[in-house]
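Student: Have a look at the structure that comes next, please.
We did not get these values from a lab; they are worked out from the coordinates using the rules stated. Predicted model only: the values in this text are computed from it and were never measured. Cβ coordinates were reconstructed from backbone atoms using ideal geometry, including for glycine residues, and neighbour counts include every protein chain displayed.
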Amino acid sequence: MSEALKNKNRQYKHGFVTEIEQETFPKGLNESIIRQISARKNEPPFLLDFRLKAYNWWKAQPHPNWAALDIPPIDFDEISYFSAPKSVLDGPKSLDEVDPELLRTFDRLGVPLHERERLAGVAVDAVFDSVSVGTTHSEMLEEHGIIFCSFSEAAQKHPELIQKYLGRVVPPTDNFYAALNSAVFSDGSFVYVPKGVKCPIDLSTYFRINASNTGQFERTLIIAEEGASVSYVEGCTAPMRDNNQLHAAIVELLALDDASIKYSTVQNWYGGDEEGRGGIYNFVIKRGRCEGQRSHISWTQVEAGSAITWKYPSVILKGNDSVGEFYSVALTNNRMQADTGTKMVHIGKNTRSTIVSKGISCEESRNSYRGLVRISPGAENARNFSQCDSMLVGDTSSANTFPYLEVHNPTAIIEHEATTSRISDDQLFYLQSRGLDAEGAVSLLVNGFCKEVFKTLPLEFSVEAVKLLEMKLEHSVG
Amino acid sequence: MSILKIEGLCARVVDGPDILKGIDLAVEEGQIHAVMGPNGSGKSTLARVLAGHPDYEVTRGKVLYHHDGEWLDLTEMEPHERATAGVFMAFQYPVEIPGVSNLHFLQTAFNAQCRAQGIPELDAFEFRELVAEKQKLIEMDASYLDREVNLDFSGGEKKRNEILQMAILNPRLALLDETDSGLDVDSLRIVAEGVQKLQTPRNAMLLITHYQRMLRYITPDVVHVLADGRILRTGDHTLAEEVENRGYEWVRQP
């Protein structure tokens, strides 16, 4: 480990590596690797077909380069596409059979899985590299008819649901990374909430990257049937390494009539060191579809890690009177880059969307908001409100805002507000003259700046998010 | 016993000409000093230099502050270190902190000082009780606490909020920078009475003021008249009245 990485250890407490025997596929991407992934997961044949079609389309595509990001060329043949601890190779078993080292890892990450220690109000699916280690509270959820399990398990136990819904929101040929993920996706979570059921607890997935030189290709699918509702939270961390690693995910949400899905992310992948060495490439496609009337999809994200973040959690507002929301805090420090925002596509009548984005850039990082609001011709009386605020800490960071508006219906009402601010010396002095040190002062100012977003998070995650930002800011000030 | 000894203090806006040109001033425990002076005399600069505002630099002299049995030179301390050692400045123009509730701000500041002084912090319930008691001093209702710090506050509300902070942080040395400016008659009375109630035999106050409006409510032990960065006259409270009657030009006369 380099000296810089050792120093970094203080501020990234999740940077440890779990020493465990893993099976890792040889590097490289080809049909045979895809067949092996599918075989390893005992998938039904339709899934192998799905993967191969995506792969064949992907092969012919150039790498996209439209974002305000410097992405070093990625050699997709230098990545391994599957890695799993040997003890869980055949998919999740009961937690008693899981290697204690894995359980200790999740304990250390603050996500205890054991019955007696697990979080009371939250069901957890723990994903380690390419596989799920286990899922808590699933029996209780089953009593409500809710399915909450790893994607791999769902592919075996509920193939009819997977076949019906997979790729419906994000088709495999949607874009380069959609196709890559569709070809090689490893694990993620599957949630199905049946008609009229309100999920009684928060569901969450914790993603952990451990193996080196391995990509993680999360695939998550959440379906809320008519009148159903669910709140889902994801968290993620990875060891500190000098080389970059790819996390290319797809999350699809589908809400039918009167259904509601709230999806929250606290992203803390390793972001690289002061010199920009190492860190995760977090290239994620998240899209929700408000299929039904009066359906509601809300994204909240706190993006505080990753060397490069490239994601636009979006909502397609197809059902009449449906509602889409996007609340985002993106904090970049060191040499991190983020190009993130949302797309709100209004199709149904009386559809409403809200966008609140807060970008904080420190040190030499770059932070861009990019968002599209599209009002389709049939979207009568659509409304959108967007607020995009950027805060610069120090004088070497940069912030951009790229709002795109496509309005094809004259009845639309659209409001857009944007600000860029710097923490003023007067504010800092005021707080310092009351006894706060420089770090405490900046952290109070930043938390105030992000308040509108934090208050949309489930309480305990909101506390986590505040702590996370404080930790990140600790070394960016003074 | 002395609490503050300013010796030959010269200070300027970073890289500018000196604004303070040799200030000598000593404050005893239990005293209230008024520093008066015309616009541009350097009186607000004095308050800001004492509190450690980063726009100013000290070019000469010392600011000795008696704390825990020893003399500290404030000019060598960070603003937050001065604060946790018991120095407080009520701002002439209180700063807005968007998104942060007044209550959260007060509690964060209070607990930061507790930590620095090695005394136990207060939890949310205990702190609310403390605030409720202090609020009465300046006739603020509880709705203040949920509002964002100084955002959309009227001039009077902002000044009252400064005094509330002072009441809660309980400083040994309070610098009140033009606290009486921009106040209507009622607010002036409330603020001045609040300040008066906060006076104890153990603390001291420096009232920086242009007019003697506040001095109708608070009788200072010592009055200094500042002009062109120097203290031209020092006297008892009658000096303030004399300035009021005869104007600042009188002070400049030899």
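Student: Could you work out, for region A:313-458, what percent of all Cα-Cα pairs fall into each 5 Å distance bin, beginning at 0 Å and stopping at the bin that holds the largest distance?
Tutor: 2, 10, 18, 18, 16, 13, 9, 7, 5, 2, 1, 0
Student: Mind giving me the nanometre distance, one decimal, between the label points for residue B:151 and residue A:114, set 7 Å out from Cα along Cα→Cβ?
Tutor: Here the modelled spin labels are 4.5 nm apart.
Student: If the cut-off is 19 Å between C-alpha atoms, which lysines fall inside it for residue B:5, apart from same-chain ones fewer than 8 positions away?
Tutor: B:21, B:43, B:62
Student: Quick check: the angle from helix B:124-137's long axis to the longest principal axis of chain B, C-alpha only, nearest 10 degrees?
Tutor: 50
Student: Taking beta carbons within 10 Å but only from partner chains, what does the mean come to for residues B:100-112?
Tutor: The mean count of partner-chain Cβ atoms within 10 Å per residue comes to 4.
Student: For residue B:142 and residue B:233, FRET efficiency with R0 = 45 Å and r from the beta-carbon atoms, rounded to 0.05?
Tutor: That pair, residue B:233 with residue B:142, gives E of 0.50.
Student: With 10 angstrom as the radius, rank A:217, A:16 by how many other C-beta atoms surround their C-beta, starting from the fewest.
Tutor: Fewest-to-most ranking of A:217, A:16: A:16, A:217.
Student: Let me ask something else. So for each of A:31-38, B:216-223 I average, over its residues, the number of other beta carbons within 10 Å; can you give me the resulting order with the highest mean first?
Tutor: Taking the mean over residues of other Cβ atoms within 10 Å, the ranking is B:216-223, A:31-38.
Student: If you don't mind, another one. How much length is gained on full extension from residue B:123 to residue B:189, taking 0.36 nm per residue of separation minus their Cα-Cα distance?
Tutor: Net length gain for the segment: 20.5 nm.
Student: Each label point is 7 Å from the Cα along the Cα-to-Cβ direction; what then is the distance between the points at residue A:400 and residue B:68, in nm?
Tutor: Spacing of the two 7 Å Cα→Cβ label points: 5.1 nm.
Student: If you don't mind, another one. Which whole number gives the average, over all residues in A:437-448, of C-beta atoms from other chains lying within 10 Å of the residue C-beta?
Tutor: 4
Student: Can you give the extra length, in nm with one decimal, that the chain gains between residue A:421 and residue A:104 once fully stretched, where that is 0.36 nm per residue apart less the Cα-Cα distance?
Tutor: 109.8 nm
Student: Picking from B:125, B:105, B:91, which is most flexible by a Gaussian network model of chain B using Cα springs under 10 Å?
Tutor: Largest GNM mean-square fluctuation: B:125.
Student: Hey, what did chain A get for relative contact order, percent, Cα under 8 Å, at least 6 apart?
Tutor: Here the relative contact order equals 10 percent.
Student: Would you work out the Kirkwood radius for chain A? I mean one over the mean of 1/r across all pairs of different Cα atoms, in Å.
Tutor: So the Kirkwood estimate lands at 22.5 Å.
Student: Set the Förster radius R0 to 56 Å, insert the Cβ-Cβ distance between residue B:211 and residue A:66 as r into 1/(1 + (r/R0)^6), and round the FRET efficiency to 0.05.
Tutor: 0.35
Student: Please give the length that would be gained between residue A:75 and residue A:49 if that part of the chain were fully extended, namely 0.36 nm times their separation in residues minus their C-alpha to C-alpha distance (nm, one decimal).
Tutor: Net length gain for the segment: 6.9 nm.
Student: What's the percent breakdown of Cα-Cα distances in region B:7-58 across 10 Å bins, shortest bin first?
Tutor: Pair shares across the bins are 24, 55, 20, 2.
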